[in-house]
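Any read-out appearing in this document is the output of simple, stated calculations on the displayed coordinates, not a laboratory observation. In this text the structure is predicted, and so the values were computed from the model without any measurement. Please note: Cβ atoms are built from the backbone with ideal geometry, for glycine as well, and neighbour counts cover all protein chains shown.
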Amino acid sequence: MSRNHKVELIKTPSFEAIDNMADLIHKDLNGKIELDVIRTNVSKVLLNQGANNFVALYNFAITSKVYTAFTENLKI
């Protein structure tokens, strides 16, 4: 994701959405956790909660900048 790229709301999960969310969280945590670890955790949210919940959580996180649903298993 480029620095000037505006992250938009999604209607369906995608690899781009996973990468965008991982990048946002990585920046929010000031790089304290490796990007690949964060990306894996974001992917697990999709796998464990399903597409509809992932979309809802993603869109909430994008608008509110609250990433808790995606970071709760990172042990931070």
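For the reader, a short list of remarks on this structure follows.
- Sorted fewest first by neighbouring Cβ atoms within 10 angstrom, S43, S64, S14 come out as S64, S14, S43.
- For the range 15-71, with +1 on Lys and Arg beta carbons and -1 on Asp and Glu, the positive-most of N20, V37, N53 along the dipole: N53
- Residue-averaged [θ]222 nm for the chain, counting only DSSP H segments that reach four residues, each worth -39500 (n - 2.57): -21000 deg cm²/dmol
- Proxy reagent accessibility, fewest Cβ within 10 Å first, across V37, V55, V42: V37, V55, V42
- When the chain is treated as a Gaussian network with alpha carbon springs shorter than 10 Å, the biggest mean-square fluctuation among L57, L47, L35 belongs to L47.
- This model, with +1 at the C-beta of Lys and Arg and -1 at the C-beta of Asp and Glu, gives the chain a dipole about its Cα centre of some 140 debye.
- FRET efficiency for L74 and N53, using Cβ-Cβ distance with R0 set to 22 Å, rounded to 0.05: 0.75
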